[in-house]
Each structure stands twice: as structure tokens, then as C-alpha cells.
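> This is the structure, below, for whatever I ask next.
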Amino acid sequence: MARIDAFFKLMHEQGASDLHLASGSPPIFRIRGGLQRIKYKILENDELKAMLYEIAPENKIKVFEETGDIDFGYEIPGLARYRSNFFMQKNGIGAVFREIPSKILSAEQLGLPDIMTKLSMLPRGLVLVTGPTGSGKSTTLAAIMDHANRNRKDHIITVEDPIEFVHENKGCLVNHREVGSHTKSFSAALRGALREDPDIILVGELRDLETITLAIEAAMTGHLVMGTLHTISAAKTVDRMIEIFPTHQQPQVRATLADALRAVISQTMFKRIDIKGRCVAFEILIATPAVRNLIREGKTYQIPSSMQTGKKFGMQTLDDAIMELMQKGRIHPDEAYNKCVDKAKFKPFAKSAPLDFTEVG
């Protein structure tokens with residue numbers, strides 16, 4: 001057993017989402033969104049480096065010593081997987097570990113809206129799950145993929161950096177590929193996937209022009225493509241997908257994306273006040289003909305209005321989802337106010353000054 005495994009077991013027992021290890025500091029857990037130091041000595045650089053190198057593959061150590069950054073997956077059988085990141089900082093080596101549960105929670109267990117499981121049964125198209133770092137995108141995507149795995153008889157290819165949730169073969173054949181270990185890059189894996197007879201392709205992160213181009217192409221050629229982006233709303237996700245292209249290509253990209261897109265799920269995480277734990281507010285955009293026309297015409301600023309009138313298609317705005325959670329007594333009005341879009345709508349419920357004073361109207 002690696003020495004660091006004791007921290008992972010304590011992390012699991014405490015219900016922490018992340019473990020922070022840094023030279024010159026004691027270990028720190030992130031629990032329910034906040035950092036909490038644990039009672040342990042200050043970690044010295046040489047001691048921490050030896051502890052971290054014990055679990056890192058040799059090829060990853062080589063890359064880390066050349067570049068100062070690496071990502072990889074680490075697993076303790078029967079406990080959990082961990083998304084691992086090593087980095088260099090002023091006092092020496094540092095690392096952050098995100099726990100990925102070994103058991104994939106179903107859409108029903110997570111309380112996902114019914115429309116999300118319907119998305120997993122689509123024959124083709126692009127489905128995006130977006131939100132800030134730590135908002136639970138991977139967990140949502142894993143539940144949607146699990147529903148497909150249980151209810152379809154197809155070939156699923158996942159491309160991640162590193163592999164997070166591991167799906168067993170159920171109704172589907174699932175092949176997991178890790179960037180850096182099984183393929184050179186997201187774009188190389190996507191290019192290869194088109195020759196590997198997939199029905200569903202999961203892309204861990206759409207992070208550059210080439211990967212986004214290939215994902216749209218795959219969606220247009222009869223595959224269901226699912227991926228994540230670090231954007232904070234459905235409309236901004238569409239803008240980001242288009243704006244990453246050179247200006248002269250954007251009119252064509254708008255038309256192609258309008259045809260390829262099926263849905264955007266944008267989510268925000270909240271600390272619960274009724275019980276221990278956290279909950280998620282979902283913004284859901286379905287690419288109806290009206291929405292497709294707005295994308296083609298460059299009128300993405302009108303998408304929120306279409307979402308308001310598209311509830312019968314399963315759409316909902318982030319503010320409506322936040323309001324529902326607040327009215328059910330699950331989240332604090334102040335947090336609702338700080339994370340909502342329309343501040344005026346939530347201001348009467350807020351009990352204290354906003355955290356971000358720059359947003360005050």
C-alpha cells in the first residue's frame with residue numbers, strides 16, 4: 001500500500017471531494033465546497049515528492065520533471081479512482097486529487113431531469129455538459145452515459161485526460177482511451193474514432209479548435225458525441241464554440257453547429273442547507289428549430305427567451321432552477337443570489353451583501 005493511500009481513505013471517510021498537498025503546508029481537504037486543514041505535520045518538499053512519485057507512472061514522472069505539470073489517473077481498488085495533478089510551485093512540489101467514485105450513480109439517484117436520459121438515446125448529434133470547475137459535469141455525463149450503456153446495444157468510445165468514471169460493458173461495448181497513455185491527444189483520438197465504428201463518442205473536454213472541429217464533424221456524420229466545456233451558461237457555450245474559429249469561418253460554423261447541436265446542459269453546484277451535501281441547478285437548452293435559427297442568424301442573445309418559452313420541450317433557465325431549489329429550502333438565498341443571472345429577481349430574498357460587489361446594479 002502506498003503511503004498516500006491513508007490520506008485517500010480519510011478523504012473518503014470525511015466525504016471530501018478533493019485532497020490538496022503542497023510543500024510547506026499540511027494536507028487540506030475540500031469538503032462541501034470549503035477547504036479544511038487536517039491535523040498533520042507540514043509537508044516538506046523531499047518527503048512529499050517521494051510520497052507522490054510512489055504512485056505516479058514512470059513516463060508521467062519524466063514529463064513532470066521536464067514540464068512542471070502532469071495529469072493522470074490513480075485507483076485504489078474497492079475505494080475510488082482519483083484524477084491526479086502534480087505541479088511545481090514556489091515552495092516545491094504540489095498536487096491535487098479529485099475523488100471519482102468507483103460506483104456510477106444513476107440519473108435517478110442524482111435526480112436528473114427526465115430529458116437528460118432521453119438525450120442518451122439520440123441516434124446522432126452533439127450534446128454538451130458545461131459549468132465551472134467542480135460543478136459536477138463529469139458525474140452528470142457519467143450518469144447519462146450509464147443510461148445509454150444500460151439501454152442501448154452500441155459501441156461507446158470515451159476519450160479523457162485522465163480516465164475518470166469507468167463503465168463496465170453492459171448493453172454496450174465500452175472502450176476507454178486516456179490522452180497521453182493510449183493516444184497522443186484528444187484530436188488524434190477523435191480522428192481515429194471515426195474509423196473505429198463507434199455509435200457514441202464521449203470527449204472529456206472540448207478544449208481547442210481542432211478537437212471542437214472534429215467533434216462537430218463526428219456529430220454530423222451520424223455519431224452521438226458528448227463532451228464538456230468550462231462555460232457558465234447555455235448561450236455562452238454556443239458563443240464559445242463559434243468564437244474559437246477564425247472570423248472568416250464563423251458564418252459557416254454557425255450553420256454547421258446549428259445542424260449538429262442537440263442540447264446544452266449548463267450546471268452550477270450549491271451547498272445544501274437542509275441536509276449535509278450539495279445539489280445542482282441545471283440550465284437546459286434543447287436545439288429546437290427556433291433555437292437552430294437563432295444560432296444560424298447569430299442571435300444567441302435571444303436564446304434565454306427561447307428557453308423561457310420552450311419549457312414543453314424540457315428546457316429551463318438557470319434562474320428558474322435556482323429559484324426552485326431555494327423555494328424548496330435546499331439552498332441559502334444568499335448563495336442563490338450570488339450565482340443567479342438576474343440579480344434583481346433574487347435581490348428581495350438575499351439577507352446579506354453580495355460576494356461579488358461588481359455585479360450590483
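All of the numbers you see were taken from the coordinates with simple rules; none came from a lab. Predicted model, so just to flag it, every value in this text is computed and none were measured. Cβ sites come from the backbone with ideal geometry, for glycine too, and all protein chains shown count toward neighbours.
> If Lys and Arg each add +1 and Asp and Glu each add -1, what is the summed charge of the other residues whose beta carbon sits under 10 Å from the beta carbon of VAL225? Numbers along the way, then the final one.
Values: positive: ARG124, ARG262; negative: GLU217.
After counting each charged neighbour, the total is +1.
> Here is a further query. Let a ≥ b ≥ c be the square roots of the eigenvalues of the Cα gyration tensor of the chain; is it rounded (a/c under 1.5), or, if not, prolate (a/b larger than b/c) or oblate? Each step should come with its number before you reach the end.
Details: a/c = 1.70, a/b = 1.21, b/c = 1.41.
Oblate, since a/c reaches 1.5 and b/c is not below a/b.
> Mind listing the long-range amide H neighbours of LEU261? Cut-off is under 5 Å, sequence gap 5 or more, other chains count too, H placed in the peptide plane at 1.01 Å from N.
LEU126
> Could you put PHE29, PHE97 in order, starting from the residue whose Cβ has the fewest other Cβ atoms within 10 Å? Write out the running numbers ahead of the final one.
On the way: PHE29 19, PHE97 25.
Fewest to most other Cβ atoms nearby, the residues stand as PHE29, PHE97.
> So, one more: Return the single residue from ALA263, ALA143, ALA56 with maximal mean-square fluctuation; model: Gaussian network over the chain, springs between Cα atoms under 10 Å.
ALA56
> Let me ask something else about it. Please work out the C-alpha center-to-center distance from the stretch 219-282 to the stretch 303-332 and express it in whole Å.
Taking the Cα centre of each part, the stretch 219-282 and the stretch 303-332 sit 17 Å apart.
> Read phi for every residue in the stretch 339-348 and hand back ³J(HN,Hα) as whole Hz from Karplus 6.51 cos²θ - 1.76 cosθ + 1.60, θ = phi - 60°, with x for Gly and Pro.
So the Karplus estimates, Gly and Pro as x, are 10, 7, 9, 8, 4, 4, 5, 9, 4, x Hz.
> In whole Hz, what ³J(HN,Hα) sequence does the stretch 79-84 give by Karplus (6.51, -1.76, 1.60; θ = phi - 60°), x for Gly and Pro?
10, 5, 9, 9, 7, 10
> Summing -39500 (n - 2.57) over the DSSP H runs of n ≥ 4 in the chain and dividing by its residue number, what mean residue ellipticity at 222 nm do you reach, to the nearest 500 deg cm²/dmol? Each step should come with its number before you reach the end.
Details: 15 runs with 131 residues, N = 361.
The helix-only estimate for the chain comes to -10000 deg cm²/dmol at 222 nm.
> Ranked highest first by the average count of other Cβ atoms within 10 Å around their residues, in what order do 34-42, 65-73 fall? Can you show the working numbers first?
On the way: 34-42: 10.6, 65-73: 15.1.
Descending packing order for the listed peptides: 65-73, 34-42.
> Right, another one. By counting other Cβ atoms within 10 Å of each Cβ, how are HIS332, HIS223 ranked from fewest to most? Walk me through the intermediate numbers first.
On the way: HIS332 18, HIS223 21.
In order of increasing Cβ crowding within 10 Å: HIS332, HIS223.
> If I take every Cα pair under 8 Å that is 6 or more residues apart in the stretch 107-349, average their sequence separation and divide by the length, what percent do I get for the relative contact order? Don't skip to the end; give the middle numbers.
Details: 422 pairs, mean separation 46.0, N = 243.
Relative contact order comes out at 19 percent.
> Now a separate question. What lysines could a cross-link reach from LYS39, if we take a straight Cα to Cα line under 17 Å and drop same-chain neighbours fewer than 8 places away?
Within the straight-line limit of under 17 Å, LYS39 reaches these lysines: LYS9.
> Taking H as built 1.01 Å from N, whose amide H comes closer than 5 Å to the amide H of GLU205, not counting residues under 5 places away?
HN-HN under 5 Å from GLU205: THR228.
> May I ask you to sort PHE87, PHE186, PHE165, PHE7 by Cβ crowding, counting other Cβ atoms within 10 Å and putting the fewest first?
Details: PHE87 15, PHE186 25, PHE165 22, PHE7 19.
Going from least to most buried by this count: PHE87, PHE7, PHE165, PHE186.
> Quick check: Cα centre of the stretch 144-193 to Cα centre of the stretch 49-82, how many Å?
When both Cα centres are located, 21 Å separates them.
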